[in-house]
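For reference, the structure discussed in these notes is given below.
Derivation of every value follows stated rules applied to the coordinates shown; laboratory data play no part. No experiment lies behind these values; they were computed from the predicted model shown. As a convention, Cβ positions derive from the backbone with ideal geometry for all residues, glycine included, and neighbour counts pool all protein chains shown.
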Amino acid sequence: MFAYIVRRVVSGIILIIVMSLVTFLLFFASPIDPARFACGKNCSPALQEQTRKALGYDDPVFVQWGDFLKGVVQGRDYPSDPALRKTAPATIAHCPAPCLGYSKLSNDTVLNLVKNAFPVSLSLAIVAFIIWISGGIAFGVIAALKKGTIIDRGIVGISLVFFAFPTFFVGLFLYQFIAIQWQIVPIPNYVSIADGGFFTWLVGLLLPGLTLALFYMAGYVRMTRAFVLESMGEDYLRTANAKGLAPRKVLVKHSMRAALTPLVTMAGLDLASLVGGAIITETVFNYNGLGKLAVTAARNLDLPLTVGIVLLLATFVIMANIIVDVLYAFIDPRVRVG
């Protein structure tokens with residue numbers, strides 16, 4: 001098991017390094033001059049050239065990539081050219097490790113900008129994840145056990161309705177009626193646990209979390225139902241029932257264990273992508289998370305911030321994939337042999 005984990009971690013690190021190179025090639029090898037946008041609208045050619053040297057954009061892409069990797073480990077100073085530090089001390093900015101770059105448009109390091117937005121997106125993803133996993137698996141199992149009944153058809157039908165509705169419609173409906181008109185819950189506003197406590201944090205994330213959870217829950221209801229029904233038709237379950245095992249024990253110990261294997265894979269990857277993918281929901285509820293930050297960076301052509309967010313989210317997805325593989329190995333020991 002230890003060797004399997006080491007192999008997955010090493011392959012994940014290699015994948016992160018390759019992914020960072022591909023990201024640099026896509027963004028900094030494009031025809032867009034990042035120095036022109038970093039310098040601002042009213043920027044003279046001389047000041048634009050100074051900005052290019054200060055941020056290292058005049059170096060080849062592979063040199064910039066090497067400096068970026070070095071900054072992740074050791075940190076960086078901007079301008080990177082020591083000669084420019086003497087002539088333009090006002091532009092000096094220290095980016096501590098792990099340095100993801102420096103945004104001249106925001107006059108701040110990418111790490112600081114991400115630090116402010118990441119807790120919002122992570123909190124939203126966690127609340128949505130708990131709702132859709134608990135609801136999706138529970139309703140999926142009920143639908144499987146009541147196969148062919150009105151309960152089964154009702155659960156599947158309602159899940160399809162929520163799956164068909166766009167996220168912005170569900171979010172606006174919950175915001176307008178649940179929070180504003182009926183005042184069942186307060187108007188959503190993100191407050192960290194450190195500032196307002198657990199209950200205030202949870203209440204502020206309830207509606208946006210439910211908005212995301214309803215969409216994902218619909219898919220998990222159908223997948224859980226299908227996996228449980230498939231496992232219930234296996235020969236070893238017929239044998240367990242023939243031996244007189246309690247139906248609850250057969251369901252929990254045998255059927256659910258077989259059904260959880262693919263669900264764990266889906267859940268881990270969905271959670272990782274959700275951290276930076278809730279752009280519409282964050283916009284509807286005016287939450288300053290990573291999704292909204294990524295949209296702002298793309299709109300302003302802030303390439304360092306865009307690259308930093310892409311690399312961070314891709315790293316998060318790769319790490320989640322490694323964790324899912326390890327959990328997969330615990331659930332199904334046959335995976336360790338591969």
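Below, the figures for the structure above:
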| quantity | calculated |
| --- | --- |
| Quarter of the Cα convex hull surface for region 1-75, i.e. its orientation-mean projected area (nm²) | 6.2 |
| Nonlocal Lys pairs with alpha-carbon distance under 26 Å, region 112-299 (8 or more apart, or different chains) | 8 |
| Summed side-chain charge close to Gly136 - residues other than Gly136 whose Cβ falls under 12 Å, Lys, Arg +1, Asp, Glu -1 | +1 |
| Gain in span if fully extended, Val10 to Thr265, counting 0.36 nm per residue against the direct Cα distance | 89.8 nm |
| Area projected by the alpha carbon convex hull of region 134-228, averaged over all directions, nm² | 7.0 |
| Stretch gain in nm, segment Phe27-Asn112, where the contour uses 0.36 nm per residue and the Cα spacing is subtracted | 28.5 nm |
| Per residue, the convex hull volume that the Cα atoms of region 112-299 enclose (Å³) | 140 |
| Packing rank of 278-284, 312-318, where each peptide gets the mean count of other beta carbons within 10 Å, highest leading | 278-284, 312-318 |
| FRET efficiency, 1/(1 + (r/R0)^6) with R0 22 Å, evaluated for Asn300 and Gln74 via beta carbons | 0.20 |
| Sites Ala138 and Val191 - FRET efficiency at Förster radius 30 Å, r taken between beta-carbons, to 0.05 | 0.55 |
| Positive dipole terminus of region 82-221, leading residue within Ala164, Gly101, Leu212 (C-beta point charges) | Gly101 |
| Cβ crowding within 10 Å averaged over residues, with 214-227, 136-149 ranked highest first | 214-227, 136-149 |
| Under 12 Å from the Ile184 label point (7 Å along Cα→beta-carbon), backbone N, region 203-222 | 207, 210-211 |
| Segment Ala3-Asn286, length gained on full extension (0.36 nm per residue, minus Cα span) | 97.4 nm |
| Ranked by how many other beta carbons lie within 10 Å on average, peptides 197-207, 10-20 from highest | 197-207, 10-20 |
